[in-house]
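Every number here is computed from the coordinates shown, using simple stated rules; none is lab data. All of these numbers come straight from a predicted model, not from anything done at the bench. Cβ sites come from the backbone with ideal geometry, for glycine too, and all protein chains shown count toward neighbours.
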Amino acid sequence: MKESRGAAARGNDSGFTLMEVMVALGVFLAVTAATVTILLAALATVRENADRVLAASIARSQVEDLRLAGAEEIPIGLSQAVVSGFTVRTSANWVGVAQQASACSAVSPGVDFIRVNIQVSGRTLTSPQQVDAIVSAEGFTPGEQSGSITISVGDNFDNPVADVLVTATDALHAENNFVVTTGIDGCVFLPALTPTGSLFLSIARNIPLPVYVTPNVGGTTAQAAISTGEVTRTSFEYAPSASIRFEPALADLVVPAGIGVSWQELATGALTREAVIAEPITNLWPTTNRFDAWLGTCADADPKEYAVAPGSFNLAAGQLSVVPVIGAVVNFTGLAAQGVVTATYSGSDATCEVGELELGEANENGELAALMPYGSWTFTSQFEEVSQEVSTEGPLEPLVSPEDPAVEIVFDLFVPPDASPSPSPTQSAVAE
């Protein structure tokens, strides 16, 4: 009996199994991780709230400093400073009594107040702390013999563009020279300028990336005339540049090296530009007008010649547009394995100098598929000193969709030693 009780006691004291220990450890780690995550999130929230209170205090302090300095000492446009680890951006512009619109769009911009917008960002803030204020310009009166100027900068959608450096130089009146940065309204208004006809303006983006461009050459400069008692209005178009890259509409088909791409603005555009497959074109004005693109640069490669709409696209500000270009699918059969096919332009455009193009090598079954520009082409392949040539009867038919018929070129290059060459290869249209 004593032995039984001893055995039972030893059984109860055997402890936890390894599995039980692992499960308990896993539960402990999960609870600990959740608790630490909650604590870290709570600390981050407390830290951001403290920074937000401090940022609001800095913004109010900046407003008081501007009011003490006076309206004439406030820099017009955008200015930036670092205070206690925060970035403080101050946007200031003149405004009249009851004037709601920006000085650049107001009928009669006034000089009764300075409208100030202060944004404090940085440290742990997820969004800037913002304060708007009005500083009285009491006592400021432009001279009766002075003039004024508004300078507005907008993008391709007429949205205001901030952070644009505007530099003005006047060779005859040094007092008219100024350097300002457009604020959040994309506008600066400078009163009390000496009348002149020799004021030259230029703009440049303060922030290097993304690259900003104008719609035409010379769009970053302008000449302005200041007249007594009048407001001279100038404007610039400035937007993030667009880029395009052309790719074959059917990526699994060979496009011969040396075949270019044609593209033009609008369906009836007179100017046709050329590009290279897969090579980006950068620093383009992001116009929303329609563009057309197609494979080939010869005149008879234009799909519109065959009542087919080319690929269309628009340019997007600050973005790269990948544009698929359409062409004619040509299937080659009956080639020797690894046999090389070349193409020579034989169309109607006498000014088109394409030269001889190598389409690539056939597979082990003697097959090759290529994407070609529309028009007439002569195809040649060589194997063991046997060369055959074929020309399509008329232009290659346009490819409207991948399901459309393709042109099939049939070669027979296997010539028995004691037989004459086989007949010329033929062309037929078959469904892919």
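So here's what we get for this one:
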{"quantity": "Label-point separation, Met22 to Gln319 (7 Å along Cα→Cβ), nm", "calculated": "5.1"}
{"quantity": "Ordering of 225-238, 344-357 by packing [mean C-beta count within 10 Å, highest first]", "calculated": "225-238, 344-357"}
{"quantity": "Residue of Ile151, Ile184, Ile38 that the Gaussian network model of the chain assigns the largest fluctuation, springs spanning Cα pairs under 10 Å", "calculated": "Ile38"}
{"quantity": "Furthest towards positive pole of dipole, Ser376, Tyr238, Ala41, structure part the chain, Cβ charges", "calculated": "Ala41"}
{"quantity": "Given charges at beta-carbon only (K, R positive; D, E negative), |dipole| of segment 103-240 in Debye", "calculated": "340"}
{"quantity": "Cβ-placed point charges (K, R +1; D, E -1), dipole of the chain about Cα centre in debye, nearest 20", "calculated": "2980"}
{"quantity": "Efficiency of FRET from Cβ geometry, Asn289 and Asn331, R₀ 41 Å, rounded to 0.05", "calculated": "0.65"}
{"quantity": "Equivalent ellipsoid, segment 201-287 (semi-axes from 5 times Cα gyration tensor eigenvalues, Å)", "calculated": "39, 15, 9"}
{"quantity": "When segment 103-249 is reduced to its Cα atoms, the Kirkwood hydrodynamic radius in Å", "calculated": "17.2"}
{"quantity": "Per-pair calculated FRET efficiency, R0 = 30 Å: Ser105 and Ala257 via Cβ, rounded to 0.05", "calculated": "0.05"}
{"quantity": "FRET efficiency estimate (nearest 0.05) - Cβ-Cβ, Val179 to Ser127, R0 25 angstrom", "calculated": "0.25"}
{"quantity": "Dipole of segment 142-238, positive direction: furthest Cα of Gly229, Ile207, Ala174, with charges on the beta-carbon", "calculated": "Ile207"}
{"quantity": "Cα Rg over Rh - segment 33-86, Kirkwood", "calculated": "1.26"}
{"quantity": "Estimated 222 nm signal from helices in the chain, with DSSP H stretches of n ≥ 4 weighted -39500 (n - 2.57), rounded to 500", "calculated": "-5500 deg cm²/dmol"}
{"quantity": "Inter-site label distance for Val82 and Glu265 at 7 Å from Cα along Cβ, in nm", "calculated": "4.2"}
{"quantity": "Evaluated at q = 0.13, 0.14 Å⁻¹: base-10 log I(q)/I(0), Debye formula over Cα of segment 244-386", "calculated": "-0.60, -0.68"}
{"quantity": "DSSP beta bridges in the chain [antiparallel fraction, %, rounded to 5]", "calculated": "80"}
{"quantity": "Principal-axis tilt of helix 18-69 within the chain, Cα atoms, nearest 10 degrees", "calculated": "60"}
{"quantity": "Antiparallel content of DSSP bridges confined to segment 142-238, in %, to 5", "calculated": "75"}
{"quantity": "Packing-based order for 64-77, 81-94, using average beta carbon neighbours within 10 Å, highest first", "calculated": "81-94, 64-77"}
{"quantity": "Long-range HN-HN contacts of Gly375 with modeled amide H, under 5 Å", "calculated": "Leu396"}
{"quantity": "Extreme residue, positive dipole direction of the chain, given options Val341, Gln80, Ala56 (C-beta unit charges)", "calculated": "Ala56"}
{"quantity": "Added length on full extension, which subtracts the Cα-Cα distance from 0.36 nm per residue, Ala33 to Glu72", "calculated": "8.3 nm"}
{"quantity": "In degrees, nearest ten, helix 2-12 long axis to first principal axis of the chain (Cα)", "calculated": "90"}
